[in-house]
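Report on one structure; see the data block that follows.
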Amino acid sequence: MAKNSRTSTSLKFALPVILIVALLTVIFIGVLPTSRGIASTKKAIVELKADIEEQKAFTPIFIPLQRRKNDSLPEAIAVNQLEPLKIDDLAELPEVFETLARESQVELVAVTPQVRSLQGGREMLRVDARMRGQFLTFNKLLGGLNKMKSIDSIDSFTIDVTDLGHEMNLSVWLAIQ
């Protein structure tokens with residue numbers, strides 16, 4: 001009988017210890033990470049509220065600017081709708097640049113379509129052009145480029161001074177079909 005009383009006393013002592021260890025494990029594994037998540041969520045909520053208040057403060061300024069942006073541009077700035085060139089018209093590209101150069105009173109030195117820019121099925125063709133003339137006539141040239149509806153963007157534009165005069169190197173992206 002003494003053996004049974006010892007076993008029951010050790011079991012009476014071991015069961016509460018196991019229960020306390022299990023309870024502490026549940027607290028450390030489940031409750032603490034959740035409370036940390038709640039704290040970070042509260043911090044995010046405070047930051048979002050601050051952002052909303054800041055946006056409310058800037059709304060009276062933003063709305064008139066947005067309306068002004070949507071208004072039409074001044075007459076001096078032309079916005080063309082992009083009209084892609086047809087593949088068949090690419091053979092006439094040197095003549096187009098020659099006409100542009102003649103109207104701008106500059107001499108066309110070279111026009112080089114970059115065929116590699118068409119790789120991968122792109123619908124844009126890069127064209128490099130070199131022209132020579134007086135510095136002030138390049139302004140007319142840029143105005144003429146602005147009127148060309150197939151030009152998507154100007155990639156690079158440099159003016160070099162050589163023995164023969166001012167040379168302009170120009171790279172443009174043309175939309176093609």
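The values are calculated or read from the model by the stated rules, or taken from the named source; none is laboratory data. As the structure is a prediction and not an experimental result, all values here were calculated from the model. Backbone-built Cβ (ideal geometry, glycine too); neighbour counts: all protein chains shown.
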### Top-ranked residue in segment 141-177 [being surrounded by fewer than 17 Cβ atoms within 10 Å (Cβ to Cβ) and over 29 Å from the mean Cα position of the chain (by Cα); ranked as nearest to Leu118 (Cα to Cα)]
Asp160
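Which of the residues spanning segment 46-83 are among the β-branched types (Val, Ile, Thr) and at pLDDT below 85?
Result: Thr59, Ile61, Ile63, Ile77, Val79.
In segment 73-177, which strands (runs of 3 or more DSSP E) lie fully inside it and hold 3 or more residues that are touching a residue at least 40 places away in the same chain (Cβ under 8 Å)?
Working: elements: 107-114, 124-133, 151-162, 165-175.
So the answer is 124-133, 165-175.
Go through segment 146-173 and count every residue that is among the hydrophobic types (A, V, I, L, M, F, W, C) and out of contact with any Ser or Thr (no Cβ under 9 Å at 6 or more places or on another chain). Can you show your working first?
To start, the set of residues in segment 146-173 that are among the hydrophobic types (A, V, I, L, M, F, W, C) comprises 148, 151, 154, 157, 159, 161, 164, 168, 170, 172-173.
Next, only the ones that are out of contact with any Ser or Thr (no Cβ under 9 Å at 6 or more places or on another chain) stay: 148, 151, 159, 161, 164.
Counting residues in segment 146-173 that are among the hydrophobic types (A, V, I, L, M, F, W, C) and out of contact with any Ser or Thr (no Cβ under 9 Å at 6 or more places or on another chain) gives 5.
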